Every structure is written in C-alpha cells, then in structure tokens.
1. For region 173-186, enumerate the residues that are out of contact with any strand residue (DSSP E or B) (no Cβ under 7 Å at 6 or more places or on another chain) and either assigned to a loop (DSSP other than H, G, I, E, B) or modelled with pLDDT under 90 (or both).
2. Within region 22-46, restricting attention to residues that are in contact (Cβ under 8 Å) with a residue 40 or more places away in the chain and within 30 Å of residue 108 (Cβ to Cβ), which residue is surrounded by the fewest Cβ atoms within 10 Å (Cβ to Cβ)?
3. Somewhere in region 60-83, is a residue more than 30 Å from residue 33 (Cβ to Cβ), in contact with a helix residue (DSSP H, G or I) (Cβ under 6 Å, 6 or more places away or on another chain) and part of a helix (DSSP H, G or I)?
4. Quick check, is residue 160 modelled with pLDDT of 90 or more and under 18 Å from residue 1 (Cα atoms)?
5. Which condition number in (1) modelled with pLDDT of 90 or more; (2) outside the structural domain of residue 183 (by TED's automatic domain parsing) is the one that residue 49 fails?
C-alpha cells in the first residue's frame, strides 16, 4: 500500500536529495499510530522524455505489522510519468480541444501512453467529477456547475476543489494536489468510487447516477 505525502519541493530537488530526502513521519492509515521509517526502494519516473531513478522511502507500523511506500505527490501509483506531464496532456485535450498526438508531443511522452491516459480518464470521469464536486460541498463550498465532456467536467470539478482548499495558490500545484487527495489513484484501474483524502479527512465519493 502507498501513502502519498504533500511534497513541496521540486522534482529536481527531490532527486538531488536521494536517500537523504526529509519526510515527515506519517501515522498509519489503518490504526493512526506513528510509523517508523523502514528502508526504501528505487523506482523509475519519466520527466520530459527522460527516465530517472527515484528513491521512495518506506514506513512500517509496529502495531499493524504492515509497511507502506511514501510517494511524493508529483507521482501516481503505477505510472511512469510525473503527474504534471499527465495533467498537461489532459488539460490540452479538455481546454484547447487538442488532439492526443500533438498533446503527447508537447508533453514529451509517447502517443500510445497519452492515449491510455485519455481512455482511462474517459472511463473514470463520472466518478472523479462527482468525487471532486462532493469534496467541495463537504468542506462547505457551493455545488460545482458541471458542463461539457467528461474530461471537461472532471477538470472543472478538480479546479474548483483545488481553488476552494488552496485559495490563492499557484495552479502549478493542481496536479500534485490531484495525486494527493486521490492517494495516487487518479488513473487507477479500479472502478469503485475513490477515497478522497485531504489532511486527515477521508470520505467515499458518491456514485454518479446513470442516465435514464
């Protein structure tokens, strides 16, 4: 299992720190007891078409006898590319009505990879749009007005949640925010409503109603 933590430094600074990267000691998501750092492992990530090795720390809960990967918020579970590259492609398609191939080229990722992201988002967009909208309402905001394609609705709801929770913060943090509150599962294969996470708050997003 992975725990996504809010990484406030750049990808380059994280990579430069290597195994000396400083991370706040997390609490166990199951029993809320303090966890202990427990070694780690390398995984590859892709930045602007370059693959580099990333050190991922692990933490262990003595109470549950389980360990968790501690993923920085600029990555997603089981995805090679950093979340900023993924977001760049999805925003190009939703905002500029751009094709997948030119969007992939601009982001420096293979066309087939970008096409897979778009396909997965199309599958998950009803869940994510409903989930991000529900998050805004749960935290005291107004209901988000969703129109357009599934990708456009998802992006509108995500931006609304980001702006409501992080007023005045630069939108360059939008996609790490998406990784953080979805626990790294933004493009996960499961079709169940996502667990959304903000700080210590968790809730299951509602299942969107099927038309007709």
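1. 185, 186
2. By that ranking, first place goes to 23.
3. No, there is no match, as no residue in region 60-83 is more than 30 Å from residue 33 (Cβ to Cβ), in contact with a helix residue (DSSP H, G or I) (Cβ under 6 Å, 6 or more places away or on another chain) and part of a helix (DSSP H, G or I).
4. Criteria not met by residue 160.
5. (1)
The values are calculated or read from the model by the stated rules, or taken from the named source; none is laboratory data. Owing to the predicted nature of the structure, the values given are computational and were not obtained by experimental measurement. Counting neighbours? That spans all protein chains shown, and the Cβs are built from the backbone with ideal geometry, glycine included.
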